[in-house]
């Protein structure tokens, strides 16, 4: 089982969260061309190893967060509030 | 109390002052407190405990623990009947009613034993080869017969009256197994102050120590270790608890059984409790399991593991045999043999090894064992019980007979690596002990004792203490000094050589897996047919796939495969062990989530009123909603039409509390709405509401709903019932990840507000009657107007909007006032003949009006598919805009919204019907399908909404609605989806 360290609520069972996809992808600006939007919406890597992904603490504080998780071992490294993509990475 | 012929007059861990009466197929028997069902049956000299799975061969107990493959019983009666319970781990209790399984008419006289005679036909892959044959449907034909002949106990359909529970538990260190290693580990970890949970499947602590004589040093050691733990307040001991599975993040699933499997319902006890435990560190002290030997007819009742015979003798004071042969390939069995001899039996040790250690010779002399080295058992003799064995020198063909009434076997010991491998750690083979040990473990996991191949008692205890200390340290606790436990008990050496394979060409069968009836010949046949990987072999022969999961068979099977393929044992591989370690009842996994607690149910604030006033309820997603009311009819078909008429001609009241409601507040609220809705919201004035549609990023429709502006920075959004959670998360995602600069807050208030819709030509008059002092004139509250008011000190939000196509208002009050307002409206408007209407009528009214709803908003349709394309703003950016123009989404031949009218009086349209053009063959997926259907009081006909290739370009065309499930093909005409008041005159009055 995953335990997710919610930045607001502390470590919680993953069933309190919903998964929200790849957090390494930056949402294109409104009006960006169709190809850019297409790639953002439909093209996904499936990396093995450390990966950043969105989760939302739906049964808690409802914070969207970025979780760093190893997709091969399910080891969770850390989590932080999603916040602005530009200031995040 | 009946006499127990095999029970010794003294010794053991049974309570002779606690006699217990129980029955086997109605026959009265007796045992003692402390017995298992298995030990009590053996004390009563009952050896035949079942018929085997395929061949219906007579079988006896092989083991004394969880690894037992044969001794499965159906226990209890009525709704408590439980099949396939291993008698070796079933605590005996007063009144226990046990039945043997898989015998027809009885286990003692089993007609199906004829299968033994046709055995050559029933080899590996028999079912696949014979019944899956070329003729289609042959399996369908044969299956019932096979099911009757094969298999174990039967499940039943009665409701289980007992309660089951699931819970969570937290700990720093979990220790699994309370043998000497686990006891030492729990003590060392507990001494550091760490919260320790010690998990033991047995009712008693001690593990292997429990199989030693109670008058020996082992027993005083066991008691001393148990006492030490009971004095450590930070250690919690869970007896009768099995660690079923290991999952990511050191999560363990445990099941705890009630004492004697007999919960007291009056005290609220559960039969079984499943616990999720997430410790910081785990010590696996799961011990080891003895392996059988492979020789012909090694499944005869009276052939059992040496350790089991010792356990029955020392723990339960049951002497099963008087003339015993102990066949072995290792040292440990000699000590079992010595104990059996001390119990008064005449014992012969048959060891395949040519040379054995001098200490064993010495032991044999002291214990007066007859010794045959360099010798193997080639065959067990007897049918319903063993009467002798054939022996042969390892390198010679000549056999000779030795009489015996009990044949003990020991093919060496395998660590119970199952749990450690659940999470992906592959076991590794150690040739020095001819066994698999756990592979590389995740962090925070530690090993102790026999599971890691540590068989000497002193090593086990020291290693256990070390593992316990390491686990506590890993969990963040300081360890002063590594504790030492001194014991005066001499170590028993453990040397082993790989067991000899069964001799070929002899009559009889050598069983590898007793429970699944897989023989060494089946294994070699499977390998010859190409099922060489152990994983394939397992699936082809069903080896290891019984309720015992091959605890006694796995290593022997891998050894055989290695031999047949000329590989080393590690190269042949091992199988993947999966949870659960031992069988667990489905009831325990479900816990309280059964019946109406199967999943959470959401109830409207008006729920109680609906129940009290003749509403029939229906599940709609998680919600229980009022479907129709008895005033309108006894069945939904008659009632909803009557309720529709009520709304079309007078006035009706409907509960819409289930709609999603989101408070949107802040200076940038208008900006947020303008970005998520396809249509403009920037200029929505205060006091007005607007219908809006949201898209997903991929340009499919996410949801529709109405948002009302009550003040400059205060909006009230409603969503569809089905998509409310999705919309909420969507808004939060955008605000928290992409638009963090927007100064706006969104809060779900679905549960805070009760909502009701009052609809019909007399709706305004009704409100004027019920809420005097408020102006409901068209000028004061026009179509799509909204306002907040106070009624008797209670906030009331009124939105004039319509789902039905009639003059209608939605009223919202705080949830706790919902029933009060509802009743006020019904009472006040009684002179107008107001009536409540339910979900079926609500949905039908909107179909007539051509409003799309959940059935059309399935995340696959675009705005244009639903005829909403013109809503989209060309001026502004909105979510999903960029991908709307994809060629696949703009194709005019997409399936899009149409109305349908039935052309065959007396026939009906059906939701899900497949649509075809007139005259074309009715095959394949057609050109579309019906999404929603209703009887229309306006048209006096069945009408429908649906998606059709090319949509309204086909207006007026006749099509066929095929419903193959009922063999119906009904003609219909494509019409506008708005069946009623297209200009909207009824709304603007």
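Taken over the stretch B:514-532, the criterion of being more than 17 Å from residue B:58 (Cβ to Cβ) and not in a loop (DSSP other than H, G, I, E, B) is satisfied by B:518, B:520, B:521, B:522, B:523, B:524, B:525, B:526, B:527, B:528. For the stretch B:392-403, state whether one or more residues are buried (at least 19 other Cβ atoms within 10 Å of the Cβ) and assigned to a loop (DSSP other than H, G, I, E, B). Checked against the condition, which is being buried (at least 19 other Cβ atoms within 10 Å of the Cβ) and assigned to a loop (DSSP other than H, G, I, E, B), the stretch B:392-403 yields no hits at all.
Note on the stretch B:206-222: residues that are part of a helix (DSSP H, G or I), within 38 Å of the chain's Cα centre (by Cα) and either at pLDDT below 95 or under 22 Å from residue B:196 (Cα atoms) (or both) total 4. Residues in the stretch B:728-770 that are in a helix (DSSP H, G or I), away from chain A (no Cβ under 14 Å) and buried (at least 19 other Cβ atoms within 10 Å of the Cβ): B:763, B:764, B:766, B:767, B:770.
Taking the stated definitions as given, is residue B:555 within 17 Å of the chain's Cα centre (by Cα) and surrounded by 17 or more Cβ atoms within 10 Å (Cβ to Cβ)? Against the criterion (within 17 Å of the chain's Cα centre (by Cα) and surrounded by 17 or more Cβ atoms within 10 Å (Cβ to Cβ)), residue B:555 does not qualify.
Counting only residues that are surrounded by fewer than 18 Cβ atoms within 10 Å (Cβ to Cβ) and within 7 Å of another protein chain (Cβ to nearest Cβ), which one in the stretch A:8-27 is nearest to residue B:727 (Cα to Cα)? Within the stretch A:8-27, the match that is nearest to residue B:727 (Cα to Cα) is A:18. For the stretch A:28-35, the criterion of being surrounded by 15 or more Cβ atoms within 10 Å (Cβ to Cβ), on the phi < 0 side of the Ramachandran plot and assigned to a strand (DSSP E or B) is met by no residue.
Being buried (at least 24 other Cβ atoms within 10 Å of the Cβ), in contact with a strand residue (DSSP E or B) (Cβ under 9 Å, 6 or more places away or on another chain) and touching a residue at least 12 places away in the same chain (Cβ under 8 Å) holds for only one residue in B:356, B:325, and it is B:325. Among the residues of the stretch B:595-606, those identified as surrounded by fewer than 19 Cβ atoms within 10 Å (Cβ to Cβ) and either touching a strand residue (DSSP E or B) at 6+ places or on another chain (Cβ under 7 Å) or touching a residue at least 40 places away in the same chain (Cβ under 8 Å) (or both) are B:601, B:602, B:603. Across the stretch A:59-73, what is the total count of residues that are in contact (Cβ under 8 Å) with a residue 12 or more places away in the chain, in a loop (DSSP other than H, G, I, E, B), within 10 Å of residue A:17 (Cα to Cα) and facing another protein chain (nearest Cβ under 10 Å)? Residues that pass the stated criteria total 1. Among the residues of the stretch B:897-931, those identified as under 40 Å from the mean Cα position of the chain (by Cα) and surrounded by fewer than 21 Cβ atoms within 10 Å (Cβ to Cβ) are B:910, B:911, B:912, B:914, B:923, B:924, B:925, B:926, B:927, B:929.
For the stretch B:225-300, the strands (runs of 3 or more DSSP E) that sit wholly inside it and include 1 or more residues that are modelled with pLDDT of 95 or more and within 24 Å of residue B:454 (Cβ to Cβ) are B:235-238, B:241-247, B:251-257, B:281-284, B:288-290. I'm told residue A:43 meets every condition in (1) surrounded by 16 or more Cβ atoms within 10 Å (Cβ to Cβ); (2) over 28 Å from residue B:278 (Cα atoms); (3) more than 10 Å from chain B (Cβ to nearest Cβ) except one. Can you identify the failing condition by its number? It fails just one condition, (1). Would you say residue A:38 is in contact with a helix residue (DSSP H, G or I) (Cβ under 8 Å, 6 or more places away or on another chain), modelled with pLDDT of 95 or more and facing chain B (nearest Cβ under 8 Å)? Against the criterion (in contact with a helix residue (DSSP H, G or I) (Cβ under 8 Å, 6 or more places away or on another chain), modelled with pLDDT of 95 or more and facing chain B (nearest Cβ under 8 Å)), residue A:38 qualifies.
I'd like the residue in the stretch B:248-273 that is in contact with a strand residue (DSSP E or B) (Cβ under 7 Å, 6 or more places away or on another chain) and within 14 Å of another protein chain (Cβ to nearest Cβ) and, out of all such residues, is farthest from residue B:35 (Cα to Cα). Checking each candidate, the answer is B:249. Residues in the stretch B:880-896 that are within 9 Å of another protein chain (Cβ to nearest Cβ) and more than 41 Å from the chain's Cα centre (by Cα): B:881, B:882, B:885, B:886.
The values are calculated or read from the model by the stated rules, or taken from the named source; none is laboratory data. Just so it is clear, the structure is predicted and the values come from calculations on it, not from any experiment. For neighbour counting, all protein chains shown are included, and Cβ atoms are generated from backbone atoms with ideal geometry for every residue, glycine included.
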